[in-house]
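First the structure, in the form of structure tokens, and then the observations on it.
The values are calculated or read from the model by the stated rules, or taken from the named source; none is laboratory data. A quick note: this is a predicted structure, and the numbers were derived from the prediction, not measured. Reconstructed Cβ throughout: ideal geometry from the backbone, glycine too, with neighbour counts over all protein chains shown. The area values use the complete protein model at the heavy-atom level, side chains included, leaving out ligands, DNA and RNA. Shrake-Rupley method; radii C 1.70, N 1.55, O 1.52, S 1.80 Å.
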Amino acid sequence: SWQVWAIYMLLAANLSKQQGLKQACPSCIDAQLCNCSTMGLDFIPPGLTAKITVLDLAHNRIKHIRSQDLQQAVNLRALLLQSNKISSIDEDSFQSLEKLELLDLSNNSLAHLSPVWFEHLFSLLHLHLQGNFYRDLGESSPFSSLRNLSSLHLGNPRFSVIRQGNFEGIEFLSKLWIDGGNLSQYEEGSLKVIKKINHMVINLRNSDLFSEIVRDLLHSVTWLEVRDIKLAVETKSLVQNSTRPFRMQKLTCKDAFFTDQSISRLLVLLKEITSLRELEAIDCMLEGKGIWDTKEIARSGQSFVETVSIINAMIRTFYLFFDLEGMESQATKLKSLTIASSKVFMVPCKLARHFSSLLYLDFNDNLLVNNRLNETLCKGAWPLLQTLNLSQNSLTSLKLTAKYASCLPKLNNLDISQNNFVEIPDECEWPKNLKYLNLSSTQISKVTTCIPPTLEVLDISANNLKEFGLQLPLLKELYLTKNRLKTLPGAAPIPNLVVMSVRRNKLNSFSKEEFEGARVGAVHLSVMECHRSLVVSLICILVFLVIL
């Protein structure tokens, strides 16, 4: 009959699709995770079923997504289509994907975005659209139905316009990333509709748009990261006609370009953002010598910023850089300062004494040397400092380093690893409250009573030690990894030790004395700790008998 014939044709079609899927992407057969990436496919394989939850079709040659391609994959949670050649998508291609949480369409050839594509993606959390060919987001919002969206990445080298209404429907984002390197037009209020953004990254070469975008984000963004900007001397206020309180707490500039004039003006304008607590500059270039308008900066009042991080700053003529005299008033409220990989060779004592609230100081990977360290760590400098990182510098004298550090009355954590000390004296003068000391990778071949007895944590790994016999009564953690020890340290001199790492040494025997902490026989453990398998077995038998 015709019914039998219809059933036969349906079964034959399904079998044909399964065969097609097996040939195109063997990993998809009876699997939840379907990995079809980098297989040279120019189509979405037929026969995808409801069993699949993750479909990876990245790095293929797919040009078109048809209505029926994903119709049966109703349980998809993640769909990865990045790095294909997709230029067209049928409007109902994603209609059956109501459970989809991740959609990656980045690095394709989409010349426009259609709101209809996303209409039924009610569960979508993460959407990646960067690296396509669209110049704008259309006249309205493509994202109006994505009420649960958490992260959005969009933009490309051709992307040039952001209009009002483009982000309608989005209320909260954990992360928003806009590749707007060639953005030339931004309509005021466009980003203001998003009520809360935890972290926003924007590539922005056009500095004229900087103040407009910042003003729209004052009440929504917690952490703003601006990349690739060549900052001009800004004249407009960053908070013009904006009411407090603001939400913005952290500003990061990455791969940015500053001049003495632009950085002076920026420091003044940022004080208007009273919620701002952290400034960060990563891989930035300064064209100048540090001739900043310190009078205007001082007149503009006290900064609210408590944390400053400068990592890999490039100053072409760093050896001509001025000592920032006049900036003392801006240092008093700082609590954390990091200047890493930036060719710092000293901080003037006069400036250092004004960091009266600083608790954390990191000078990792710089050019600090012992014969100028007394200027940076002079008497009265950094009076409240608790943690100091001088790792990976050019320090060669442990005795002098310890002596200068002893000027810091509150210091309890000192990292001087990856310096070239080699020799270690018999006696050293240290800060009285020092508890944590990192001497790893410093080329030392022995330890002496130079090491302070106040320590609770000592890291002396990656050196040339053959033995360790110091008396450190308060020590709780000892790290001796990657040395040349042949025997373990004696237990009696370090009675309070809780953690010891001795990996990658040359240990070949253990003596009885090396294991005198508490005797194992004196330790009282519960029956459960000693005989876990027996106790579990007895419980199972008891439960079985009760049920019986």
Tally up the residues in segment 116-142 that are open to solvent by less than 50 Å² (accessible area, probe 1.4 Å) and either among the small types (Gly, Ala, Ser) or modelled with pLDDT under 95 (or both), please. 4
Go through (1) part of a loop (DSSP other than H, G, I, E, B); (2) out of contact with any Phe, Trp or Tyr (no Cβ under 7 Å at 6 or more places or on another chain); (3) surrounded by 18 or more Cβ atoms within 10 Å (Cβ to Cβ) and name the single condition residue 388 misses. (1)
Is it the case, given these coordinates, that residue 210 is without any contact (Cβ under 8 Å) to a residue 40 or more places away in the chain, part of a helix (DSSP H, G or I) and either buried (at least 18 other Cβ atoms within 10 Å of the Cβ) or touching a Cys at 6+ places or on another chain (Cβ under 6 Å) (or both)? yes
Which numbered condition trips up residue 174, out of (1) closer than 18 Å to residue 217 by Cα; (2) in a loop (DSSP other than H, G, I, E, B)? (2)
Segment 463-489, residues that are open to solvent by 20 Å² or more (accessible area, probe 1.4 Å), closer than 16 Å to residue 506 by Cβ and free of Cβ contacts under 8 Å to residues at least 24 places away in the same chain: 464, 466, 467, 482, 484, 486
Name, by its number, the condition in (1) part of a loop (DSSP other than H, G, I, E, B); (2) under 33 Å from the mean Cα position of the chain (by Cα); (3) crowded, with 20+ Cβ neighbours inside 10 Å that does not hold for residue 85. (3)
Can you confirm whether segment 467-478 contains a residue that is part of a strand (DSSP E or B) and at pLDDT 95 or above? yes
Within segment 432-444, which residues are open to solvent by less than 70 Å² (accessible area, probe 1.4 Å) and assigned to a loop (DSSP other than H, G, I, E, B)? 434, 439, 440, 441, 442, 444
Which numbered condition residue 412 fails, given (1) among the polar types (S, T, N, Q); (2) out of contact with any Leu (no Cβ under 9 Å at 6 or more places or on another chain); (3) more than 17 Å from residue 397 (Cβ to Cβ); (4) surrounded by 14 or more Cβ atoms within 10 Å (Cβ to Cβ): (2)
Residue in segment 37-51 that is open to solvent by 20 Å² or more (accessible area, probe 1.4 Å), more than 33 Å from the chain's Cα centre (by Cα) and hydroxyl-bearing (Ser, Thr, Tyr) present: yes
Counting only residues that are of a type in the set (A, V, I, L, M), in a loop (DSSP other than H, G, I, E, B) and over 18 Å from residue 140 (Cα atoms), segment 184-206 contains a total of 0
